[in-house]
Structure formats: structure tokens, C-alpha cells
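The values are calculated or read from the model by the stated rules, or taken from the named source; none is laboratory data. Small disclaimer: the values here were computed from a predicted structure and weren't measured. Cβ: placed from backbone, ideal geometry, glycine included. Neighbour counts: every protein chain shown.
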């Protein structure tokens, strides 16, 4: 199938009807589970599939937390975030703290873990100064989660997560706690990057969506499903941004259901296909769609009454007619796919109470025998025209048949014991019939060639993705090393600057001591000179005995003063030498500080270069992931066509 043909593919009305019947069951269960209200389904075919819906949804309620109602905000995890983070009057957090706390919870989606092992630490101001440090291997919250696990034995993450924890250590409990902590660190780093993007007033909603999606998927072990899940939480918390009004990442879980709506001819651009499917659902005027919109109004009225004190919930339960958002469509397609898988595993044959199935709005009926079972296995009987009925092994070709009376098994038993009549020889093929079969065989051969080429392209894309991931991981290690080197240089610079500062103080004190001794020495010199003058005073000229005594005393004083002067001079000279040595050491430390500054500058430049290379590698990984998705969709689409052509050739040969 060409890209142009895929782009022109239309949503199947019959598949869309089945999707609307499923949504009506979703709304009834939402009223029962979230609002404790009972609603009756008016649509006959929605009532028919309700028993199978209940059988599917019951195991996913409660502790498993796997069921998502029609209104995403009423899902177990999203409602917990709204009630316990955004609208919790006990928490004095600003908007950014609530934003980060939302990502902390999303790392595990377990309310008990958040309240008992994490929230006690998150209430303090110290936590918000460096949240990531609390989730390091020996961080306080990491140890708190480990203690909780060993004490209670309860899981540290929701069972809705299918990811298998990495093996980080031998002890299973410690390994699980470290995995949750590692994921939390990654999400907190992502949240810090998303916060300025979300509040960048120069970006349009679509630009913010693209930038946020790219940033999430560039993080370690976060793909499109994580981008979708986190984007939903952000969109609920900040409805005015309209991030998911018209666009949404298509997770792996919704891919098969989206293909089903397009009869296996889904466009390679999954976002565009989701937009077109959403538009078709909003514009549908068929009976199933009308029943859905009628029921939706009733359920939203109940929700507004039930959650009147939660403004963020009220913003989400106010859907205008024909205004289902792309994100709601994506989430419900994922739920529909799970329901279809349940029917496939159960092998349910789903019919109306009359054993017939409505084909159009006028109520015309077709024999139920013309429809395959949900399992997709080929029937062994024959249709009304006497030809073997075609089947398909592709899950995208398996329609949801309607619940009710199953076909009686008695005719099958009768056919099994009844001897087959002798077959008459097959008539020879006419020229145009043989040409038709040959044409289909040639087309089948061509499509098989396309399928093989598509498979090779898919394998090449997967190899490129693996290489890009390897490069990305290698660059992450290099960035960590460069950042570690930068930290080492920063510490060396800080130490050098501290030493320079301390020696500057010593040098200054030495200068003061030197100046003080110098002044003392000068004063001693002056006094020594005065003593010499006083000893020859004229006043003692008439008293020779006294003059002699004064002369002897003056000589003694001069001798003592000279001795003291010599001591002070020695101290002054020693202090001068010490001062000069301090000056030299100060110059040496200053040079070391300058060298440390140069090394730090080089380390910062290296980190900057590595970060640019890492961002490039992240973008390459994102593009490689998208290429893999495109190739996989293309291969699956061609596979569907090959199966259909094989059945057509077999049926043509059988009819001939």
C-alpha cells in the first residue's frame, strides 16, 4: 500500500459503531465505579456486549488499577494526583513543587508508597532544595522505600507497569527500590527541563506539545507510551495550555485498535491517523454515536455533582457535543484493544439475540454465518453460496461480533457424522477465469516481495535504533565522566581560592605586625638618641658627683636600650623574611588558582560539547524510534494485504 493510499484511507463506519458500543459500556462502568450510580444502556447492541465487558473489566479494578474510565481524570492514578497533590489543602506547596511531586508519584503510581514512604520527607523545605539527592542509592527516600518494602512486602510500583526492573543488585527488594529511585531521578530531571517549556509564553500549544514530547522521549528508558502518560498528567494539571486538544502521541497499546478503525490501512503518520479518527468519531451521526452522546451527558452530570470540590476534575467532565479530544480517543482506543484481546482469548462468538447482525442504519440483516469469530480462525463449514468461508489470522481483521445466542453446535455434529456425497469433477477454467487467478497470483507474489523488503527495512531500522541507543548510552557515560571531572576541577578551584584567601589574611596580619614593629623600632631609636643628649645636660655641670652618677645610669640605660633595640630589630627582620615568604606563597597559590580556573573552564567546555553531542544522539534515537514505528506499521499493513490476497486466491480456486 502506498503512502498516498494510506493517507486516503477512511474510518470504517461499522468498526466505529463497535467502538461507540464499547464506549457506552465504559460510561456505564464509570458511573458505577467512580460515582456509585447505576445507568441502564438504551442501545441494544451495547447491552449485548455488556456481560463480556463486565467479565473483562472486573479483574482490572481495585488493586490492579489497570482499567481507565472514559474520563481520564477519573482513572485511579490521575484522580490520586488531583486529590492528593493539586487540591490537597494540607500541603503548602507552590506550583513547581506540585509539578515535581506529580512526577515523583508517576514513577511508581502507588498511593501508599507516596503517602507513607515519600510524603513525610517531601513536606520539609530541605527536600525541595535538592529533590534528586533523596532518591540516590543511599538517599533518604530510597532507604525509606526499601524499609517499607521489607516491612510490608507490598509492591513498590503499580501492577499496571509492564516494565521489568533492571538488575542493579542481588537482593530483590533492594533492586526494586533502586529501580524506582532511578526512574524517579530520571523523571525529576525531565520535570526540571519541562517546567520552563510549559511556561514559555512565546511557544504555541502545538510547539509546547512537540518540545515536551521530544524531551520526555529523549530521557533514559522513556518512550512514546511514557510521553503520552506524562503528557496526560500535565494536560490535566494545566488545562488552559490545551496541549492535547488536537494532538497526542500514539502509544503501542492503541496502535492495533487505530489500525482496526481504518480496516488495516492506517496512515504511517500515527498522529495524523489519530486526528482523523477523532474527527470521524466527533462527526458521526449514526445510531451508536447518538446513544454514546446521550449517555455521556448523564454521566458528566453525575460527575459534576460528585466532584464539585475538585476544579481540575470539573474542567475534564465538561465535554461538548462532538468535542472528544485526541488524548481521550487515544486512551480509549488502548482500552478497546485490551477488550478485543480479552474476547480473542475467550474465543467468544458475539451475536445478537436473533443470531443475526445489523449491517446498516436501516436495520437490514445479514446471516451471522458471514462473520468470522473473534479468534480469527477459519471455519470448517460452508457459507450460503456453498463456498468455504475466508478467514484471517491478522488481529486487525477480526471484527467485534455481537453478544447473544451462539450458533447451535448440533448442525456441526450432524455434518460430522453425515457421509459426504461423491463430488463431481471440477469444470475446466475459462480463459478469463484463469487470467484472473494468474493476475491475483502475480499480485500476491509482488506483495510478498514488498513484504520482504518492508521486513528488511524494519530490521535495518531496528538495527539503527539499537546503534543510536548504544551511542546515546556511551555519550551519557562520557557526559557523566566530564561532569565528574568538572566537579573535581571546581573543588580544586574552591580549595585553591580558600587557601589564597587564608594566606591573604596571614599576609595582611604579617604586614600589620611588621608596620607595628617598625614603628616601635623607630621610637626606640628616637629615645636612644634622647638618652645620649640627656647625659650631657648642662644642669649637672655644677654637681660633678651627681653628673657622674647620671652618666653611669645613662650608660646603663643606653646599653639596655641598645640590647632591646637589637632584639626588636632581629624580630623585625625575621618578620620581614616571613612576610616575603608569605608573599611568594601567595603568588604561587594565585597561579594554582588561575590554573584551576583554566582547567574548570576547559572542563565546562568539554561538558558543553558532550551535552550537545548527547542532545544530537537523543534526537537521533527519537527519529530512529519513529522510523521503527513507521516501518512496523508499514510491514503490518502489507502483511494484512498479503493475507487478504492469499484468501482471495484460495477462494477463487475453490469457486473455480
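Data for the structure
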| read-out | value |
| --- | --- |
| Checklist (1) at pLDDT 90 or above; (2) under 30 Å from residue 638 (Cα atoms) applied to residue 2, failing item | (1) |
| Verdict on residue 157 being surrounded by 15 or more Cβ atoms within 10 Å (Cβ to Cβ) and modelled with pLDDT under 90 | no |
| Complete set of residues in region 126-176 that are in contact with a helix residue (DSSP H, G or I) (Cβ under 8 Å, 6 or more places away or on another chain), in a loop (DSSP other than H, G, I, E, B), farther than 14 Å from residue 114 by Cα and touching a residue at least 24 places away in the same chain (Cβ under 8 Å) | 136, 137, 139, 159, 160 |
| Unmet requirement for residue 109, which otherwise passes all of (1) crowded, with 17+ Cβ neighbours inside 10 Å; (2) at pLDDT 90 or above; (3) at negative phi | (3) |
| Residues that are in contact with a helix residue (DSSP H, G or I) (Cβ under 8 Å, 6 or more places away or on another chain) and free of Cβ contacts under 8 Å to residues at least 40 places away in the same chain, drawn from region 110-119 | 111, 114, 115, 116, 117, 118 |
| Filter result (surrounded by fewer than 16 Cβ atoms within 10 Å (Cβ to Cβ) and closer than 25 Å to residue 493 by Cβ) within region 568-585 | 581, 583, 584, 585 |
| Single condition residue 207 does not satisfy, out of (1) part of a helix (DSSP H, G or I); (2) surrounded by fewer than 20 Cβ atoms within 10 Å (Cβ to Cβ); (3) in contact (Cβ under 8 Å) with a residue 24 or more places away in the chain | (3) |
| Of the criteria (1) under 19 Å from residue 242 (Cα atoms); (2) part of a helix (DSSP H, G or I), which one residue 181 fails | (1) |
| Residue identified as modelled with pLDDT under 90 and more than 22 Å from the chain's Cα centre (by Cα) among 319, 344 | 344 |
| Filtered residues of region 85-125 (kept if more than 17 Å from residue 186 (Cα to Cα) and assigned to a loop (DSSP other than H, G, I, E, B)) | 87, 88, 89, 90, 91, 92, 93, 94, 110, 123, 124 |
| Yes/no for residue 508 being outside the structural domain of residue 219 (by TED's automatic domain parsing), farther than 30 Å from residue 602 by Cβ, part of a helix (DSSP H, G or I) and at pLDDT 75 or above | yes |
| Out of 180, 190, sole residue that is more than 26 Å from residue 239 (Cα to Cα), in contact with a helix residue (DSSP H, G or I) (Cβ under 9 Å, 6 or more places away or on another chain) and surrounded by 13 or more Cβ atoms within 10 Å (Cβ to Cβ) | 180 |
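For every residue, the table says whether it meets (1) under 26 Å from residue 339 (Cα atoms); (2) buried (at least 21 other Cβ atoms within 10 Å of the Cβ).
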| position | (1), (2) |
| --- | --- |
| 74 | yes, yes |
| 78 | yes, yes |
| 88 | no, no |
| 94 | no, no |
| 98 | no, no |
| 101 | no, yes |
| 115 | no, no |
